Amino acid sequence: MTAVLVVGGGGREHAISRCLARSARVDRILVAPGNAGTGQEERCENVAVGAGDVAGLVALAERESVDLVAVGPEAPLAAGLADALEAAGIPAFGPGAAGARLEASKAYCKAYLDALSIPTGASATFRDATPALAYLDQLPSVPVIKASGLAAGKGVVVAETRGEAAAAIRAMLVDGRFGEAGREVVVEERLRGVEVSVLAFCDGAGFAVMPAAQDHKRLLDGDAGPNTGGMGAFVPSPVATGELLARVGDRFIRPTLEALGEAGTPYRGVIYFGLMLTGAGPKVLEINCRLGDPETQAVLPLLETDLFEIMLACATGSLGGLTVEWSQSACTTVVMASAGYPTAAARPAPITGLDRAEAEGCVVFHAGTDRISGVTHATGGRVLAVTALGSTLEKATERAYAGVGAISFEGAQYRRDIGRRASAAVTGAPPLREMAGG
Ligand code: AMP
Ligand code: GLY
């Protein structure tokens, strides 16, 4: 009897749970807290323990004698969930707090990247507004303003004017917007180019790079509107050539993992490099300590190797004994969000058409959903990730949008251009030729 505990309740965790349910080796999947989608997956059951409740999760894992804990979100990792599980002798898929700090503190991450000479935008970190504003004044161009701490993907302001940048600095350091997460602010050179997410499974020493995904961070078509957690993704990214992935593995991922290993904090789980492919080559925008959301919903459907085997190998340092194989198909996932996302909450609204989307050949991963009186409701934030495979990116995208067209709930917002501007999802991108050589 093999049991896995999946921590989290978003679309990423639904995709993880569903992929684990395909494993012949897994008998039982507990999802804490899960959502309406995970509650309906085969062999899955939701457990009412919050993803932030480290002690409650360890107690649950012990009580249910789980063989592996797969941690979806960053917050429990940053709070030391993997360390606590290790102390209890339970294999964890996810890094300890030391590794998770690369995501939990952007200031620390920038210092780490600079120390390892890994290319990233020039930056400075501040705790007071006056020197931050003085620094802003002497910069040649308008920078990006980032709350250093965890802010659910919403703590980054890509300002268009100096005034907007100054307002963001004041909002974080004077008005306390983002609370603790914004007490330290990174002022960073704005990079231009194509954005790609390169993720790798890691076992403390070795790693296996996944096919690269392209996320769509802005709320609106054409990369307009505010930044969000991600409105859709597709795999593979046409700009992430084998050569690029090999280079990112050698020059970005390997040195990072080696440094963490040498510090006595071997990194296990997924490391996620958010990159900008600039005219001067790939540069790091961020490091995340977990699978991406919604990248996971587009990546895992392409995985051909048993996810449980991979996660256990990562947790126990034996990834070298596995070959991680991927389908050559393409996959597109389109996020449907509630009215008001990413700023305001929405009241629960019934969802129709989920079965019709599945009849179109889509898999619908749930995020902000709940069963109310037996009916699946949208409960706010990112609600669904409508996902489809295809032999080409165009086919996968057409099918995903057929599914989106079948689904409705009050106030649903989604982008119409996911996967449709593939290599051109950019502002001022350099020619591809230049990027490959970078
Ligand atoms: P982060 O959480 O640091 O990745 O930032 C979220 C998003 O903001 C990224 O995915 C980019 O779209 C954008 N962003 C972050 N840093 C920069 C930068 N230095 N230049 C341009 N865009 C950025
Ligand atoms: N999709 C971006 C992230 O997971 O951080």
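The values are calculated or read from the model by the stated rules, or taken from the named source; none is laboratory data. Here the structure is a predicted model, which means the values were calculated and not measured. Every residue, glycine as well, gets a Cβ built from its backbone with ideal geometry; the counts of neighbours run over all protein chains shown.
Taking every residue in the range 8-26 that is farther than 23 Å from Leu77 by Cα and pairing it with any residue that is part of a helix (DSSP H, G or I) and more than 16 Å from ligand 1 (Cβ to nearest atom), at least 6 positions away or on another chain, the pairs with Cβ-Cβ distances below 8 Å are Arg22/Leu307; Ser23/Leu307; Ser23/Phe308; Ser23/Glu309; Arg25/Phe308; Arg25/Glu309; Val26/Leu20; Val26/Phe308. The sole residue among Val324, Val364 that is β-branched (Val, Ile, Thr), in a strand (DSSP E or B), at pLDDT 95 or above and within 21 Å of the chain's Cα centre (by Cα) is Val364.
Within the range 218-246, the only residue that satisfies the criterion of being within 14 Å of ligand 1 (Cβ to nearest atom) and acidic (Asp, Glu) is Asp223.
Condition check: polar (S, T, N, Q), more than 16 Å from ligand 1 (Cβ to nearest atom) and not in a loop (DSSP other than H, G, I, E, B). Does Thr332 satisfy that? In short, yes.
Checking the conditions here, which among Ala339, Ala345, Ala330 is more than 27 Å from Cys19 (Cβ to Cβ) and surrounded by 14 or more Cβ atoms within 10 Å (Cβ to Cβ)?
Values: Ala345 fails: surrounded by 14 or more Cβ atoms within 10 Å (Cβ to Cβ); Ala330 fails: more than 27 Å from Cys19 (Cβ to Cβ).
Every option except Ala339 fails the conditions.
The helices (runs of 4 or more DSSP H) located wholly in the range 67-120 include none with 1 or more residues which are free of Cβ contacts under 8 Å to residues at least 40 places away in the same chain, surrounded by fewer than 24 Cβ atoms within 10 Å (Cβ to Cβ) and touching a Pro at 6+ places or on another chain (Cβ under 7 Å). Counting only residues that are within 16 Å of ligand 2 (Cβ to nearest atom), of a type outside the set (D, E, K, R) and more than 23 Å from Leu389 (Cα to Cα), the range 221-252 holds 4 of them.
Per the conditions (1) closer than 21 Å to Gly11 by Cβ; (2) buried (at least 24 other Cβ atoms within 10 Å of the Cβ); (3) away from ligand 2 (no atom under 16 Å from the Cβ), the sole criterion not satisfied by Phe308 is (2).
Applying the selection to the range 395-404, what residues are in contact (Cβ under 8 Å) with a residue 24 or more places away in the chain and closer than 16 Å to Arg416 by Cβ? Step through it out loud before you land on a result.
Of the range 395-404, the ones in contact (Cβ under 8 Å) with a residue 24 or more places away in the chain are 395-397, 399-404.
Passing the criteria: Ala396, Thr397, Arg399, Ala400, Tyr401, Ala402, Gly403, Val404.
For the range 158-186, filtered to residues that are closer than 25 Å to Asp293 by Cα and of a type in the set (Val, Ile, Thr), the residue that is farthest from ligand 1 (Cβ to nearest atom) is Val185. Residues of the range 348-360 that are surrounded by fewer than 14 Cβ atoms within 10 Å (Cβ to Cβ) and under 29 Å from Ala212 (Cα atoms): Ala359 alone. Restricting attention to the range 51-63, does a residue exist that is of a type in the set (Val, Ile, Thr) and in contact with a strand residue (DSSP E or B) (Cβ under 8 Å, 6 or more places away or on another chain)? No, every residue in the range 51-63 fails to be of a type in the set (Val, Ile, Thr) and in contact with a strand residue (DSSP E or B) (Cβ under 8 Å, 6 or more places away or on another chain). Within the option set Val187, Val158, being farther than 26 Å from Val270 by Cα, β-branched (Val, Ile, Thr) and either within 16 Å of ligand 2 (Cβ to nearest atom) or within 21 Å of the chain's Cα centre (by Cα) (or both) holds for one residue only, Val158.
Among the residues making up the range 266-279, a single one is of a type in the set (Gly, Ala, Ser) and within 13 Å of ligand 1 (Cβ to nearest atom): Gly274.
Taken together, Thr130, Thr125 contain a single residue that is free of Cβ contacts under 8 Å to residues at least 24 places away in the same chain, surrounded by fewer than 21 Cβ atoms within 10 Å (Cβ to Cβ) and β-branched (Val, Ile, Thr), which is Thr130. Kindly indicate whether any position in the range 108-127 is within 16 Å of ligand 2 (Cβ to nearest atom) and within 30 Å of Asp203 (Cβ to Cβ). So far as the range 108-127 goes, yes, one or more of its residues are within 16 Å of ligand 2 (Cβ to nearest atom) and within 30 Å of Asp203 (Cβ to Cβ).
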